[in-house]
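Engineer: Handing you this structure, nothing more for now.
Only the coordinates and a few stated rules stand behind these numbers; no lab work does. Here the structure is a predicted model, which is why all the values come from computation and not from measurement. Don't worry about glycine lacking a Cβ; one is built from the backbone with ideal geometry, like all the others, and counts go over all protein chains shown.
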Amino acid sequence: MIESLVREALPIRYIPSSIDTENIKCSDNLRMPTELDCISTLGVHGMQCRSMHYDMFQIGSGFYKKEDKELIEYKKEIEVSLTNICKSEEYAFLYGIDQTSIGIDATKTIRKGLPEAIEEFNPTHIITYRQTNEKESAWEDLDLEGIKVLRSNYVDKSIHYLYKADNNFGEFVISQDITLEEYPLTKYQMIGKRGKEYNELTKDNTFVDIHEWVCIEIHEPNEFVQVIDRRY
């Protein structure tokens with residue numbers, strides 16, 4: 001399985017595939033999914049709460065295969081598709097997707113050195129840039145005991161996200177996990193200037209569709225601290 005940053009960064013919760021939308025009641029010490037569209041400020045047991053609305057969305061990728069070939073012959077194409085799905089998860093987690101979800105870049109921002117930030121916030125996780133040299137001097141003297149460091153190609157070298165992991169701040173919700181399906185080419189409309197060419201090239205092919213239905217639910221963006229590292 002391809003490495004997924006989001007599945008390491010957030011608690012995972014599975015819900016029935018029939019659910020398209022979740023409404024979550026949130027208070028200081030409670031996260032409770034509900035089937036009701038709750039818009040009042042009166043919380044459970046009299047606690048003050050708010051309601052947040054989350055839509056499941058599909059992330060997918062795919063490729064063409066010859067009908068007379070087995071999927072096992074397309075291992076590389078499957079791996080590329082899974083990598084693309086994980087990259088899309090990662091980008092959505094960091095920056096959101098249009099209006100359907102909020103990314104963790106919408107956090108309180110603090111400008112200081114990473115060592116000082118670690119000492120102040122005592123995080124369990126750090127999301128940072130993907131190093132090209134694991135022995136980079138900027139990280140050599142850090143006390144990272146008990147901290148999981150997750151690396152992303154979508155994070156600038158000077159940015160770090162620090163947080164303490166529990167399911168109050170956010171969740172990766174899955175209504176349909178990664179699924180692979182094959183479709184006859186006739187179900188896909190080839191459009192654009194190269195449509196005719198594609199039709200000829202893929203005349204005897206089927207389309208392999210790999211997708212998932214998920215939602216990245218960020219309940220408390222301020223639980224994530226964005227550190228702009230003064231060292232850069």
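Engineer: In what order do SER175, SER51 fall by count of nearby beta-carbon atoms within 10 Å, going from fewest to most?
Structural biologist: SER51, SER175
Engineer: Let me check I've understood the local charge: for GLU3, count other residues with C-beta under 12 angstrom from its C-beta, Lys and Arg +1, Asp and Glu -1. What total comes out?
Structural biologist: Residues near GLU3 contribute 0 overall.
Engineer: Fewest first, what order do LYS75, LYS66 take by the number of other Cβ atoms within 10 Å?
Structural biologist: Fewest-to-most Cβ neighbours within 10 Å comes out as LYS75, LYS66.
Engineer: While we're on this one: Exposure proxy check: SER17, SER152 ranked by fewest other beta carbons within 10 Å?
Structural biologist: So the ranking, lowest neighbour count to highest, is SER17, SER152.
Engineer: Further, regarding this structure: For each pair in LYS66/LYS87; LYS87/LYS148; LYS108/LYS157; LYS76/LYS148; LYS87/LYS164; LYS87/LYS157, compute the distance between the two Cα atoms and list the pairs where it is over 21 Å.
Structural biologist: Violating the 21 Å limit, Cα to Cα: LYS66/LYS87; LYS76/LYS148; LYS87/LYS164.
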